[in-house]
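Bear in mind that the values in this text are calculations on the coordinates, not laboratory data. Because the structure is a prediction, the values reported are computed rather than measured. Because the Cβ atoms are built from the backbone with ideal geometry, glycine has one as well, and the counts that use them run over all protein chains shown.
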Amino acid sequence: MQRGGLRVASTLYGVGVRLRNWAFERGWKQSCAAKVPVVSIGNLTLGGTGKTPCVEFVARFFREHERRVAILSRGYGDQNGNGQGGNDEALVLEENLPDVPHLQGADRAALAEIAVEELDSEILVLDDGFQHRRLRRDLDVVLLDATCPWGYGHLFPRGLLREPPRSLRRAHVIVLTRCDQAPADDVSRLRDEVGRRAPQTPILETTHQPARWVNAGRHAPLDSFHGRPAAAFCGLGNPEAFRRTLEGMGLQVVAWRTYPDHHRYTRDDIESLRTWARELPADTVMATTQKDLVKIRLDRLADKELWALRIQLQVQSGREELERKLSLVISHQSLVISH
């Protein structure tokens, strides 16, 4: 019964998605054009593809080319629950890119106007923007997680797909993420499938690589805790990716907790984590993600230091093509970007 209900709901959701996309393609729904170039970073599935490191990579590219850039996002999971508190991605980006403003709100066309008129932004990066078609973009970058690219093969709520895989035809660049966490043969087959669905679109292979450990403004080398037992927790769309990363670094994950994506930690959550930490052996490393640490804002849990792993996007193949596209954005050659 439940499976049948999910199938019906998924079918209805799919009809709505197709009608909406069709309306934009026929011009019945209009996209607003910003006064400056817009780059969208998005995906096909609900969460977990690693957009934040990609947004950071793109924004940092523009800053290194001395362009004033602003990030625009919807702000799901903000800390105040009202769209005004900054969600975990915004807090991470603020920490890693302190000179890049991040505006959040449902009306990203209005945010674009604010970024241009009040902040003198020259380029806008639209975070999680593939489905936000109201704001016209010059470059659409779409991410696929190599460990689960098609959201279990079904549209939401039966699966995790936000729209059908054929929508990849709208993308200008397709980025395969976490390629190091999937078997090489699976990555090769995924490239072939993506190539069939979007034959003219460049395909990049990337990994999410640990950069360093951080704790309340302090840093530690990546090998600081090699071989140590670790108690790790996170609130991510793909928590197992974090666990595999820790184990790949040589930590022994002996205790593990997960929370929903964009989880807002309560006082009870913190007290529970402190109790958990007290019960663990003295040499246990308390580990979490940077997205979680920026919300908790603690450097210790009970008698143990709390360390977070900072992650950066590493492009394994196709970097030149991505940078060529981004350079075209800088020179406002949006027509050259299209297929």
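Only Cα pairs under 8 Å and at least 6 apart count here; give the relative contact order of the chain as a rounded whole percent.
Numbers: 636 pairs, mean separation 67.4, N = 339.
Result for the chain is 20 percent.
Give, in nm to one decimal, the length gained when the segment between residue 189 and residue 64 is fully stretched (0.36 nm per residue of separation minus the Cα-Cα distance).
Numbers: separation 125, 0.36 × 125 = 45.00 nm, distance 3.49 nm.
Once the chain is fully extended between residue 189 and residue 64, it gains 41.5 nm.
Counting other Cβ atoms within 10 Å of each Cβ, which trypsin sites (Lys or Arg not before Pro) in segment 6-55 have at most 16 and sit in a DSSP loop? Could you put the intermediate results ahead of the total?
Details: sites: 7, 18, 20, 26, 29, 35, 51; in loops: 29, 35.
Sites meeting the loop and neighbour criteria: 29, 35.
Compute the helix-to-body angle for 51-64: its Cα long axis versus the longest principal axis of the chain, expressed 0 to 90° and rounded to tens.
Tilt relative to the chain: about 70 degrees.
Under the Karplus relation 6.51 cos²θ - 1.76 cosθ + 1.60, θ = phi - 60°, what is the ordered set of whole-Hz ³J(HN,Hα) values for segment 292-303, x standing for Gly and Pro?
7, 5, 5, 8, 6, 6, 10, 9, 9, 10, 6, 9
Which of 210, 53, 221 ends up with the largest GNM mean-square fluctuation for the chain, with Cα atoms connected below 10 Å?
221
Please give me the summed charge of the neighbours of residue 63: other residues whose Cβ is under 12 Å from its Cβ, Lys and Arg +1, Asp and Glu -1. Walk me through the numbers before you get to the answer.
On the way: positive: 60, 67, 68; negative: 56, 64, 66, 99, 122.
Its environment carries a net charge of -2.
Counting only other residues whose beta carbon sits under 12 Å from that of residue 142, what net charge do I get with K and R as +1, D and E as -1?
Details: positive: 51, 137, 162, 169, 170, 197; negative: 128, 140, 145, 163.
Residues near residue 142 contribute +2 overall.
With n ≥ 4 as the cut-off for DSSP H runs, can you work out [θ] at 222 nm for the chain, using -39500 (n - 2.57) per run divided by the number of residues, rounded to the nearest 500? Present the calculation step by step, with values, prior to reporting the outcome.
Working: 10 runs with 117 residues, N = 339.
Calculated mean residue ellipticity at 222 nm is -10500 deg cm²/dmol.
Which net charge results when you count Lys and Arg as +1 and Asp and Glu as -1 among the other residues whose beta-carbon is under 12 Å from that of residue 17? Walk me through the intermediate numbers first.
Values: positive: 18, 20, 133, 162, 166; negative: 163.
Taking every Cβ under 12 Å from that of residue 17, the sum is +4.
Classify segment 215-259 as rounded, prolate or oblate, taking a ≥ b ≥ c as the square roots of the eigenvalues of its Cα gyration tensor: rounded when a/c is under 1.5, otherwise prolate if a/b is larger than b/c and oblate if not.
Taking the square roots of the gyration eigenvalues as a ≥ b ≥ c, segment 215-259 is oblate.
Which three lengths, in whole Å and largest first, does segment 80-225 cover when its Cα atoms are put on their principal axes?
46, 44, 31
Classify segment 212-311 as rounded, prolate or oblate, taking a ≥ b ≥ c as the square roots of the eigenvalues of its Cα gyration tensor: rounded when a/c is under 1.5, otherwise prolate if a/b is larger than b/c and oblate if not.
Numbers: a/c = 1.31, a/b = 1.15, b/c = 1.14.
Rounded.
For segment 207-269 and segment 158-182, write down the distance between their C-alpha centroids in whole Å.
Segment 207-269 and segment 158-182 have Cα centres separated by 25 Å.
Taking H as built 1.01 Å from N, whose amide H comes closer than 5 Å to the amide H of residue 125, not counting residues under 5 places away?
For residue 125, whose amide H was placed from the backbone, the distant partners under 5 Å are 39, 70, 71, 72.
Given DSSP loops and a limit of at most 13 other Cβ atoms within 10 Å, what is the longest stretch of the chain that contains no such GluC sites (Glu not before Pro)? Could the numbers behind the result be given before it?
Working: sites that count: 66, 118, 279.
Counting only loop sites that pass the neighbour cut-off, the longest clear stretch is 119-278.
Alpha carbon centre of segment 28-73 versus segment 105-151: separation in Å?
Cα centres, segment 28-73 to segment 105-151: 5 Å.
Restricting to lysine pairs 8 or more places apart or on different chains, what number in the chain have Cα atoms under 28 Å apart?
The result is 9.
Which trypsin sites (Lys or Arg not before Pro) in segment 232-301 pass both tests, a DSSP loop state and at most 11 other beta-carbon atoms within 10 Å?
On the way: sites: 243, 244, 257, 264, 267, 274, 278, 291, 295, 297, 300; in loops: 264, 297.
Sites meeting the loop and neighbour criteria: 297.
Across segment 25-30, in residue order, what do the Karplus-derived ³J(HN,Hα) couplings come to in whole Hz, using 6.51 cos²θ - 1.76 cosθ + 1.60 with θ = phi - 60° and x for Gly and Pro?
Rounded to whole hertz, the list is 5, 8, x, 6, 10, 9.
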